[in-house]
Amino acid sequence: MEKKSTPIRNKIVIIEDDPGIATVLKTTLKSEGYEPILAGTGRDALTLISSHCPDVILLDLGLPDMDGGEIIEKVRTWTQTPIVIVSARNMEEDKARALDAGADDYITKPFGTIELLARIRAALRHTCTTAENDEISLNGSYHVGELCIDYRKNRVFLAGRDVCLTPQEFRLVAFLGRHAGRVMTYKAILRELWGPQNGMDNKILRVHMASIRRKIEPDPSEPRYIFTEVGVGYRMAE
Ligand code: CA
């Protein structure tokens, strides 16, 4: 008898106290070939994460027994497993805080299956490549559409033409490019550009971004390279 090989299934711990949502998530992920593991409380979640070593963690920020931020901090003391926040709308501050505490991404309720699966695939990709961005370490540049960030020349090209960013604008674009596909919070960007004690305000980022978009986006009102995550930060297209 020929032995059938079993594919390795990515384990996903779902931390969600709403039984309805938890069931939908579980069924969806199972049908996509993932191995979902449910936790209804923060306490259960921490036990399951340490015993199952999941590939991705889906974390609802509104749990009965623990604050989402507390869970992230605890998990981050022993593992870098990607954490995708699942949260309600109008919780931008909480999302930003969770990302700054070490979460990797977020989706907003209500969300569609396509969006959920895309976020999980992105999270899995980012675990497999611990280097920030493969293309950059390999070629010294990052390409998306007609945009090219050249990390050797410190320049950005659009359809082969130098878009002439200022040094500060370049650093902002370069930072987002290194983390393409992931949302970078305002706080993380400010820290990267001006250091931890910067005392700067998000307004400065909006000013820079408006200028960058005039240079790199064919239509700055409908960005295709750098997206705004309202109230949270920016995300470079992948
Ligand atoms: Ca909840």
Filter the range 92-125 down to the residues that are of a type in the set (A, V, I, L, M, F, W, C), under 19 Å from residue 187 (Cβ atoms) and touching a strand residue (DSSP E or B) at 6+ places or on another chain (Cβ under 8 Å) and list them by number. 96, 98, 99, 103
Looking only at the range 36-73, count how many residues are away from the ligand (no atom under 16 Å from the Cβ) and under 17 Å from residue 20 (Cβ atoms). 1
With criteria (1) within 15 Å of the ligand (Cβ to nearest atom); (2) β-branched (Val, Ile, Thr); (3) open to solvent by 30 Å² or more (accessible area, probe 1.4 Å), residue 27 comes up short on (1)
Looking at residue 4, is it at pLDDT 90 or above, surrounded by fewer than 21 Cβ atoms within 10 Å (Cβ to Cβ) and among the charged types (D, E, K, R)? no
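Do you know which of the residues in the range 14-24 that are more than 21 Å from the chain's Cα centre (by Cα) and within 12 Å of the ligand (Cβ to nearest atom) is surrounded by the most Cβ atoms within 10 Å (Cβ to Cβ)?
This residue is 22.
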For the range 103-198, give me every one of the helices (runs of 4 or more DSSP H) that falls completely inside it and has 1 or more residues that are closer than 30 Å to residue 67 by Cβ. 113-128, 167-178, 186-194
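Do the conditions hold for residue 96, that is, is it open to solvent by less than 20 Å² (accessible area, probe 1.4 Å), not polar (S, T, N, Q) and not in a loop (DSSP other than H, G, I, E, B)?
So residue 96 fits the description; yes.
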Give just the number: which of (1) under 20 Å from the mean Cα position of the chain (by Cα); (2) open to solvent by 80 Å² or more (accessible area, probe 1.4 Å); (3) not aliphatic (A, V, I, L, M) does residue 182 not satisfy? (2)
Are any of the residues in the range 54-69 open to solvent by 20 Å² or more (accessible area, probe 1.4 Å), touching a strand residue (DSSP E or B) at 6+ places or on another chain (Cβ under 7 Å), of a type in the set (D, E, K, R) and not in a helix (DSSP H, G or I)? yes
So in the range 195-230, with the set limited to residues that are at pLDDT below 90 and not polar (S, T, N, Q), which one is nearest to residue 123 (Cα to Cα)? 230
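The values are calculated or read from the model by the stated rules, or taken from the named source; none is laboratory data. Since we're looking at a predicted model, the values are computed, not measured. Because the Cβ atoms are built from the backbone with ideal geometry, glycine has one as well, and the counts that use them run over all protein chains shown. Areas reflect the complete protein model, heavy atoms only, side chains present, ligands, DNA and RNA absent. Shrake-Rupley method; radii C 1.70, N 1.55, O 1.52, S 1.80 Å.
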